[in-house]
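Enquirer: Take this structure first; my questions come after.
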Amino acid sequence: MADKIKLLYVDDEAANLNVFRIAFKRRYDVTTVESALEGLKLMEKDKFDVIISDHRMPEMTGVELLEKVGQLYPDMTRIIISEYVNDEIIRNAIKNFGFNGSVGKPWDADQLTALIENK
């Protein structure tokens, strides 16, 4: 059996982290954190295949986080989650910073799985 995809999910809302963890913990090796800075610190110590981040967070937006992650870890799959997926900032980030995709809130598990697995 192949190793599970190692996934980091960043969202400042604990309820969103819990729902995500419950939905995907059987399929993936899921780690969740409540802040972009906490996520960056964790990535210094541990390797992840995929990072998924909420966009609207207090200390750093998801776009800023995923842009930084792309500079530090260019091979990591990066996915943004936002209520505003058609927002110009999100569209430009996908186009200009090589994000692997975006998912709207509330997210669809099948759509998110396809992006995680690059289908």
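Enquirer: What pairs come out if I take residues in the range 105-119 that are free of Cβ contacts under 8 Å to residues at least 60 places away in the same chain and pair them with residues that are part of a helix (DSSP H, G or I) and surrounded by 14 or more Cβ atoms within 10 Å (Cβ to Cβ) whose C-beta lies under 8 Å away, six or more apart or interchain?
Expert: Lys119/Thr113
Enquirer: Restricting attention to the range 14-30, which residues are open to solvent by 10 Å² or more (accessible area, probe 1.4 Å) and within 22 Å of Asp110 (Cβ to Cβ)?
Expert: Initial filter on the range 14-30 (open to solvent by 10 Å² or more (accessible area, probe 1.4 Å)): 14-16, 18-19, 21-23, 25-27, 29-30.
Across the range 14-30, the qualifying residues are Ala15, Asn16, Asn18, Val19, Arg21, Ile22, Ala23, Lys25, Arg26, Arg27, Asp29, Val30.
Enquirer: Given (1) assigned to a strand (DSSP E or B); (2) in contact (Cβ under 8 Å) with a residue 24 or more places away in the chain; (3) of a type in the set (Ser, Thr, Tyr), where does Ser102 come up short, assuming only one miss?
Expert: Unmet condition: (2).
Enquirer: For Glu38, work out the one condition from (1) modelled with pLDDT of 95 or more; (2) open to solvent by less than 50 Å² (accessible area, probe 1.4 Å); (3) among the charged types (D, E, K, R) it doesn't fulfil.
Expert: (2) is the only condition that Glu38 fails.
The values are calculated or read from the model by the stated rules, or taken from the named source; none is laboratory data. Here the structure is a predicted model, which means the values were calculated and not measured. With ideal geometry, Cβ positions are generated from the backbone for all residues, glycine too; neighbour counts draw on all protein chains shown. What goes into the accessible areas is simple: the full protein's heavy atoms, side chains included, and nothing from ligands, DNA or RNA. Shrake-Rupley method; radii C 1.70, N 1.55, O 1.52, S 1.80 Å.
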